[in-house]
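Structure, as structure tokens:
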Ligand SMILES: Cc1cc2nc3c(=O)[nH]c(=O)nc-3n(C[C@H](O)[C@H](O)[C@H](O)COP(=O)(O)O)c2cc1C
């Protein structure tokens, strides 16, 4: 059987991707005043349009969903117009672009919240030991502990779902090809889905799997309603503990129940971020030395018939090995896309891959470390 190459096209929902190299979502904290994407944002994504699909940095649905300074929103006129330039630039360069959307839930700080209110929590339990980047009480920019959140009242949740719905409408309006829900890494969706953290006693509560999944599925349904199921993806980090997500014996049950629900709804893709790759050859890892993540992937593949994207620590060789297993369809690359706007062409021609210094990830210095990484010059 012919194996798929990273450079083969792929049908995702109703669209054709030019290749299977996906740009994974990366917060770059470079938005302008009013959390607006700007001309550099458009240039940055436009430069990377040869990716099979770009998934943007996480985008805020409302001021109360923000947990990091200078992250873009999609709820004001200025923000919406800023994104229109981004999607135009990517489409003009022949690419496809989904927006990643999030609400940080408890992972915020009072200095960033509207009116200095407490972050919105699934419960009022603080993410102890986890910091966010914000202004301290002296107005100094630094890492500060995530604030004690306020437990959302049940009657506030439909409004929150509606904020997501409005964001989806704005995304459609500015020409995004689809949306990815950021249900990984300990933000609001994971906060609801975790049985240990979610001690709510209402019908969004963690005692039942239906309660744990209710909020996430309501938002998924709103996305489907606005954008169509094939244009919706969900990012998950099963068994992740980032941002203080506690251990739970029910993680596997919750995860597979969610995958079944997503399959029933026919969404376009599931995007798994997990450092699944053991050292060496992925086929060996799958077939001779089956690790928990690989089992997870196999069962996911059995249940879910849409596309599966896998992300985390890939280089070209490991990515091709992963595709060869047949367990995943698309590979997402994060850090390699920072310093290589032409990553796909570099892979194709075996040109050297540049490595971005960590200091470039979140600096706010105009083009430096953002749009000034050159395309490879083969000449
Ligand atoms: C600077 C930076 C910002 C990131 N921001 C996000 C984000 O906004 N949303 C998200 O889901 N993951 C985010 N991630 C995680 C990446 O999407 C990816 O999962 C991770 O970097 C592992 O992939 P890699 O080894 O190819 O870099 C970020 C990673 C980096 C390096």
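The values are calculated or read from the model by the stated rules, or taken from the named source; none is laboratory data. Computed from a predicted structure; not experimentally measured. Glycine also receives a Cβ, built like all others from the backbone with ideal geometry; neighbour counts cover every protein chain displayed.
Pick from the stretch 332-353 the residues that are within 11 Å of the ligand (Cβ to nearest atom), in contact (Cβ under 8 Å) with a residue 60 or more places away in the chain and surrounded by 19 or more Cβ atoms within 10 Å (Cβ to Cβ): which of them is nearest to residue 20 (Cα to Cα)?
So, considering only residues that are within 11 Å of the ligand (Cβ to nearest atom), in contact (Cβ under 8 Å) with a residue 60 or more places away in the chain and surrounded by 19 or more Cβ atoms within 10 Å (Cβ to Cβ), the one nearest to residue 20 (Cα to Cα) is 332.
Do we have residue 189 as touching a residue at least 12 places away in the same chain (Cβ under 8 Å), in contact with a helix residue (DSSP H, G or I) (Cβ under 8 Å, 6 or more places away or on another chain), away from the ligand (no atom under 16 Å from the Cβ) and assigned to a helix (DSSP H, G or I) here? Outline the logic, then answer.
Working: touching a residue at least 12 places away in the same chain (Cβ under 8 Å): yes; in contact with a helix residue (DSSP H, G or I) (Cβ under 8 Å, 6 or more places away or on another chain): yes; away from the ligand (no atom under 16 Å from the Cβ): no; assigned to a helix (DSSP H, G or I): yes.
No: the conditions fail for residue 189.
Restricting attention to the stretch 18-29, report how many residues are outside any strand (DSSP E or B) and within 11 Å of the ligand (Cβ to nearest atom).
Residues of the stretch 18-29 outside any strand (DSSP E or B): 18-20, 24-29.
Those left that are additionally within 11 Å of the ligand (Cβ to nearest atom): 24-29.
The total comes to 6.
Residues in the stretch 142-156 that are at pLDDT below 95 and surrounded by fewer than 11 Cβ atoms within 10 Å (Cβ to Cβ): how many?
Number of matching residues: 1.
For the stretch 6-15, state whether one or more residues are within 22 Å of residue 182 (Cα to Cα), surrounded by 14 or more Cβ atoms within 10 Å (Cβ to Cβ) and within 16 Å of the ligand (Cβ to nearest atom).
no
State whether one or more residues within the stretch 158-175 are surrounded by 19 or more Cβ atoms within 10 Å (Cβ to Cβ), farther than 24 Å from residue 77 by Cβ and more than 19 Å from the chain's Cα centre (by Cα).
Looking through the stretch 158-175, none of the residues is surrounded by 19 or more Cβ atoms within 10 Å (Cβ to Cβ), farther than 24 Å from residue 77 by Cβ and more than 19 Å from the chain's Cα centre (by Cα).
Scan (1) in a helix (DSSP H, G or I); (2) at pLDDT below 90 for the single condition residue 323 breaks and write down its number.
(2)
If I filter the stretch 255-278 for residues that are over 22 Å from residue 17 (Cβ atoms), surrounded by fewer than 16 Cβ atoms within 10 Å (Cβ to Cβ), at pLDDT below 95 and more than 17 Å from the chain's Cα centre (by Cα), do I get at least one hit?
Yes.
Residues that are more than 16 Å from the ligand (Cβ to nearest atom) and in contact (Cβ under 8 Å) with a residue 12 or more places away in the chain: list the strands (runs of 3 or more DSSP E) wholly contained in the stretch 39-142 that include at least 2 such residues. Please lay out each step first, then the result.
Working: elements: 53-60, 97-102, 131-135.
Ranges flagged: 131-135.
If we scan the stretch 230-239, do we find a residue that is more than 16 Å from the ligand (Cβ to nearest atom) and surrounded by fewer than 22 Cβ atoms within 10 Å (Cβ to Cβ)? Outline the logic, then answer.
Keep residues of the stretch 230-239 that are more than 16 Å from the ligand (Cβ to nearest atom), which gives 230-231.
From what is left, the residues that are surrounded by fewer than 22 Cβ atoms within 10 Å (Cβ to Cβ) are 230.
Taking every residue of the stretch 230-239 in turn, at least one turns out to be more than 16 Å from the ligand (Cβ to nearest atom) and surrounded by fewer than 22 Cβ atoms within 10 Å (Cβ to Cβ).
Tell me the residue from 371, 300, 363, 291 that is modelled with pLDDT of 90 or more, over 18 Å from residue 22 (Cα atoms) and either surrounded by fewer than 20 Cβ atoms within 10 Å (Cβ to Cβ) or within 15 Å of the ligand (Cβ to nearest atom) (or both), please. Give the derivation first.
Working: 300 fails: either surrounded by fewer than 20 Cβ atoms within 10 Å (Cβ to Cβ) or within 15 Å of the ligand (Cβ to nearest atom) (or both); 363 fails: modelled with pLDDT of 90 or more; 291 fails: modelled with pLDDT of 90 or more.
Just a single option satisfies the conditions, and that option is 371.
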